[in-house]
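Comments concern the structure below.
The values are calculated or read from the model by the stated rules, or taken from the named source; none is laboratory data. Since we're looking at a predicted model, the values are computed, not measured. Glycine also receives a Cβ, built like all others from the backbone with ideal geometry; neighbour counts cover every protein chain displayed.
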Amino acid sequence: MRISEFIDSTNAAKSAEEVFHLYEKAVAYYGFDRIMYSALTRHPAHDSISTPSIMRNYPDDWINHYVEKGYIQTDPVRKYGIATRGPFTWEGMEEKLQLSPAQKDVMNGGREAGLHNGIGVPLHGPFGEVVGVGLASSTGGVDPKEHLSAIHLLTVQFHTVYMAHLEIEKRARPPVRLTPREREVLQWCKEGKSNWAIGEILHISEHGVDFHLRNILSKLNAESRITAVVKALYFGLITI
């Protein structure tokens, strides 16, 4: 895909969700079918997250394992993304750093989960906040170095337009109010839990979880639970 075509199509997109789907298609052209778009740091001006914490298509099993093991504390890709300014390959990062055994566990676990030939793209904001995009191939055989510059340009455009859509929606919509139970449900959605698992945690039925989720999606004008999580984090309704 030509980068100019991607810029034109994302600039013409009608929603943040459409922008993400266009980005998925664009990076898939280069062999990357796994995406993680996340806030690496908090906005220093206030306590809530100013950028989305989760917009992803990483394997759910890996996300659940990552959360349960507390890998966010040791993930070398996350730490390196905060510290560096430019795009990087995971392989290059591993060669440059002396990874601890715990950090090697994270990287090896990701490969076992089907995340190969990874690229990291940190995006530093004007107030010191950092957003990161991680890309990987589920099949392997991709040369991430070859596509690093193109992926960087696509990612910067994606992030810029995606955030602009969220900001427009935030200004246009009246304040969204979630009930305490809806916040609890959405907080566990953020952790990648299924409806059944959330019901077990909150001691309510799976049908009850589905009821709360339908209300949440309606209030946030979201097409999916992942989109609802992104918007709730952006609006400060739940925390990272």
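Tabulated values for the structure
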| quantity | calculated |
| --- | --- |
| Residue match in region 210-222 (condition: of a type outside the set (A, V, I, L, M), modelled with pLDDT under 95 and not in a helix (DSSP H, G or I)) | yes |
| Which listed residue, of Gly141, Gly192, Gly128, is assigned to a loop (DSSP other than H, G, I, E, B), more than 18 Å from Arg85 (Cβ to Cβ) and out of contact with any helix residue (DSSP H, G or I) (no Cβ under 7 Å at 6 or more places or on another chain) | Gly141 |
| Every pair of residues 6+ apart whose Cβ atoms lie under 6 Å, when the first sits in region 209-235 and is without any contact (Cβ under 8 Å) to a residue 60 or more places away in the chain while the second is small (Gly, Ala, Ser) and in a helix (DSSP H, G or I) | Val209/Gly199; Ile216/Ala228; Leu217/Ala228; Leu220/Ala228; Ala222/Ala228 |
| Filter pass, Ile151 being under 21 Å from the mean Cα position of the chain (by Cα), modelled with pLDDT of 95 or more, part of a helix (DSSP H, G or I) and hydrophobic (A, V, I, L, M, F, W, C) | yes |
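Matching residues to (1) touching a strand residue (DSSP E or B) at 6+ places or on another chain (Cβ under 8 Å); (2) touching a residue at least 60 places away in the same chain (Cβ under 8 Å); (3) surrounded by fewer than 20 Cβ atoms within 10 Å (Cβ to Cβ); (4) assigned by the TED database to the domain that holds Pro76:
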site: Trp90; (1), (2), (3), (4): yes, no, no, yes
site: Lys104; (1), (2), (3), (4): no, no, yes, yes
site: Ala113; (1), (2), (3), (4): no, no, yes, yes
site: Ile119; (1), (2), (3), (4): yes, yes, no, yes
site: Gly128; (1), (2), (3), (4): no, yes, yes, yes
site: Gly132; (1), (2), (3), (4): yes, yes, no, yes
site: Asp143; (1), (2), (3), (4): yes, no, yes, yes
site: Ala150; (1), (2), (3), (4): no, yes, yes, yes
site: Leu154; (1), (2), (3), (4): no, yes, no, yes
